[in-house]
1. Using the alpha-carbon atoms, what tilt in degrees (0 to 90, nearest 10) does helix 274-285 show relative to the longest principal axis of the chain?
2. Using packing as a proxy for protection, rank 253-259, 234-240 so that the peptide with the highest average count of other Cβ atoms within 10 Å comes first.
3. How do Glu427, Glu300, Glu230 rank when sorted from fewest to most other Cβ atoms within 10 Å of their own Cβ?
4. Any chance you could give the angle, 0 to 90 degrees and rounded to 10, that helix 314-329 forms with the longest Cα principal axis of the chain?
5. Rounded, prolate or oblate: which fits segment 303-392 when a ≥ b ≥ c are the square roots of the eigenvalues of the alpha-carbon gyration tensor, with rounded for a/c under 1.5 and prolate only if a/b beats b/c?
6. Between rounded, prolate and oblate, where does segment 89-204 land on the alpha carbon gyration tensor, with a ≥ b ≥ c its root eigenvalues, rounded for a/c under 1.5, else prolate if a/b exceeds b/c?
7. Using only Cα atoms, find the angle between the long axis of helix 90-112 and the longest principal axis of the chain, and express it within 0 to 90 degrees, rounded to the nearest 10.
8. With the Cα gyration tensor of segment 6-222 giving a ≥ b ≥ c as the square roots of its eigenvalues, does the rule (a/c under 1.5 for rounded; else a/b larger than b/c for prolate; else oblate) give rounded, prolate or oblate?
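Here, each number is a calculation from the coordinates, and none is a lab measurement. Quantities reported herein were computed from a predicted structural model and do not represent experimental measurements. For neighbour counting, all protein chains shown are included, and Cβ atoms are generated from backbone atoms with ideal geometry for every residue, glycine included.
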Amino acid sequence: MMFRDRTQAGRLLADALEPWRTPRPVVLGLTRGGVPVAVEVARRLGAELDVLVVRKLGAPGQPEYAVGAIAEGGAVYVSGEALRDLGLGDEWVAAASERETMELGRRVRAYRGGRPLVDLSGRTVLVVDDGVATGATARAAARAARLNGAARVVLATPVIAALTEPELRPEFDDIVAVERPEAFFAVGQWYERFGQVSDDEVIAALRRGRGEVGPGELAEAAHADPDPEEETLVIPFEDSRLGPGELDADLVVPEDAKGLVLFVHGSGSTRQSPRNRFVARTLQEAGLATVLFDLLTPDEAAEDAVTRELRFDIRLLTSRVVAAARWVSELPRTRAALPLAFFGASTGAAAALAAAAALPERVAAVVSRGGRPDLVDVETLRRVRAPVLLVVGGRDPEVLRLNRGVVPHLGAAELVVVPGATHLFEEPGALGAVAELAARWLARHCCGRPATAAAPLA
């Protein structure tokens, strides 16, 4: 099931929590995304509502990857496995906790205005979040609730990664969820609308939960920015060997888009890839237009022998990426000199890099997810002028070795390893880390580039 938004998710979660109505529970919404969910739970259960401020301890250079978390009151959780993977020690944990404590304190003051946390002594506490991927913030919240005297602590969430739930069981007396998917990229994957929740929205939600405002105030804020529409395209191309053809594509252009990102999927995938669609949605929320397109025509994809041959023909795939880039850049909605970037995966990353070399004046940035840049010859790699972000899973040793080997041949490249992730980034939270890394990289190298710097595609 995909939830429409956090409000609907909270109502469905409240139905699942009906057996917990009688112990007079306290509902604690985790900041910030868990608060709108918690409002609905508290309202339907007739329970007391409060907020519990938690903060991730992000890895160095990768704030989206949670090494641990802290909660108000001094509760801390740190993943020993993550520390080992990153080579971090107690000194880093202490310094990171100190930095996050300042922001944590600011939020406590903003959300409560000097009021203490509701008394939890001897009570049942429902810790509510909008979703649980790795569970770092949930662990810190559980410890904070017990430090404040809670008799029983229940984790309540619309969606939790099936792989994570058993690991969290020792921290909680029970775990209640609406969905427990095996394939879990990130929490936002399970919502149609999953925008960031602002401080103002948290405060408005808490006021609504206390009956101080009507539901319209929060709904207005939640729906102020409608999702951009997806437009289906047919991209023409002409191969010197196979002749002319057409590629199916999907274009999304947010209002005031700052750049255009062309997705180049890997072998065995299509534009319907849920991984790339999830990343595209994250980039759209960051103000970037996205194009997902099929590298093969329907007839080519239907013939297994042809498909296997073409999916690894980097020269042919590169020509199609270049053709797609040129054609899409001339559309009425995108021809206003939007900086162009590529997001490639697996073998598609090789085609994206080769296409960037063919369009040196036009391509502003390239992101490679679990890519195979080693499939591009060294001379072509050296012609890539765009800054390149290579993202590889820490548990994908062969691809990591291959990516390290090409870094010296790229003019401006950064290799980032997502700890604990394998080649497809299937681990809970891993693809979310990739999406955030890509959004930040493109914001730095694409969104900041003046539109006039983008030369027309010849």
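1. So the inclination is approximately 80 degrees.
2. Answer by packing, highest mean first, reads 253-259, 234-240.
3. Glu230, Glu300, Glu427
4. 70
5. Here segment 303-392 falls in the oblate category.
6. Judged from the Cα gyration tensor, segment 89-204 comes out rounded (a/c under 1.5).
7. 70
8. Since a/c stays below 1.5, the shape of segment 6-222 is classed as rounded.
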